[in-house]
1. Can you check what the net charge comes to around Ser209, using other residues whose Cβ is under 13 Å from the Cβ of Ser209 (Lys, Arg +1; Asp, Glu -1)?
2. Give me a comma-separated list of calculated 3J(HN,Hα) values for region 85-94, in order, Karplus coefficients 6.51, -1.76, 1.60 applied at θ = phi - 60°, integers in Hz, x for any Gly or Pro.
3. Got a sec to turn the phi values of region 60-76 into Karplus ³J(HN,Hα) couplings, 6.51 cos²θ - 1.76 cosθ + 1.60 with θ = phi - 60°, whole Hz, x for Gly and Pro?
4. Considering only the other residues whose Cβ falls under 9 Å of the Cβ of Val35, what net charge follows from Lys and Arg at +1 and Asp and Glu at -1?
5. What length, rounded to one decimal in nm, is gained on full extension from Glu245 through to Ser229, with 0.36 nm per residue of separation minus their alpha-carbon distance?
6. Can you pull the one-decimal nm distance between simple spin-label points at Glu63 and Gln175, each 7 Å off the Cα toward Cβ?
7. Probe of 1.4 angstrom, ligands and nucleic acids ignored: what's the accessible area per residue over region 126-238, in square angstrom?
8. Can you list residues from other chains, or at least 5 along the same chain, whose modelled amide H is less than 5 Å from the amide H of Phe183?
Amino acid sequence: MKSTLCRALTAVSLGFAGPAAASEPQKGELLEAFVEANILAVFYHELGHAVIDIEEVPIFGQEEDAADVFSTFLIHTLYEDDTAQDIAFDTAMGFLGEAEFALHSRREEAWWGVHGPNQQRFFNTVCLFYGASPDTRAWFAEEMELPEGRAATCEAEFAQAERSWGAVFDELVAQSGGESLVFIGETEGTAGELLAYEVEELNAVLQLSAPLEVTVESCGLANAFYAPSERRVIFCSEFETYFREMARWMF
């Protein structure tokens, strides 16, 4: 299904230079595309947690892994292919960049954490997105240096994701027409403006069984999370600053 979210975002559609790129983007455009794509991917990840909670979706394994799969599934499902490829490219590079940026900043990987290592999240994202359309995304796997051994399993991995998350997504779409997602607070900054717009667009596509608040606010650290007791997705404004710092270092 391709929804009303199939639009060209102000900068995301300019993404990294794959076959979708019409012209060579400038450095500032690359940076803005990277920031916006990663804000979207993080939001979709936290939305995955919210859907698991609100819709009582059974999860076998780590919920963080399931939320990552949901994020990539939405990028593939909600956008036209050219835009989806740009967003997925930047999202995957965000995981790789975070791993390398951590080394640059002399920060150790939190092996005790609930999230998988960033290098593994990078390859999982690449594999799942490639596996959704291997005939048209061979360039994506090649550009990201996805090993042949893993590439051979990617189509089956996406098929599994589509059987699980696809069924949940179809139910949400069948209930569409309401305003179950509610953006609260100010729309200042890229994150606020982008997520306020995203909430409006998602409401036109799907509906949750209970209201979900989405907000951008200062948290004192670069983070985003779903608060089940409040049924609220919180995107910390510091996360946007972190992505910008990472992008400037990468570009």
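The values are calculated or read from the model by the stated rules, or taken from the named source; none is laboratory data. It should be emphasised that the depicted structure is a prediction, and the values quoted were computed from it without experimental measurement. Reconstructed Cβ throughout: ideal geometry from the backbone, glycine too, with neighbour counts over all protein chains shown. Side chains included, ligands, DNA and RNA excluded: accessible areas come from the protein's heavy atoms. Shrake-Rupley method; radii C 1.70, N 1.55, O 1.52, S 1.80 Å.
1. Values: positive: Arg231; negative: Asp53, Glu55, Glu56, Glu171.
So the surrounding residues net to -3.
2. With coefficients 6.51, -1.76 and 1.60, one gets 5, 5, 5, 5, 4, 5, 5, 4, 5, x Hz.
3. Each residue's phi maps through the Karplus curve to give 10, x, 6, 5, 4, 5, 4, 5, 4, 5, 4, 4, 5, 4, 5, 4, 5 Hz.
4. Spelling it out: positives minus negatives among the neighbours equals -3.
5. 2.6 nm
6. Taking the two extended label points, one gets 1.8 nm.
7. Each residue of region 126-238 exposes 50 Å² on average to a 1.4 Å probe.
8. Here the answer is Val214, since their amide H atoms fall under 5 Å of that of Phe183.
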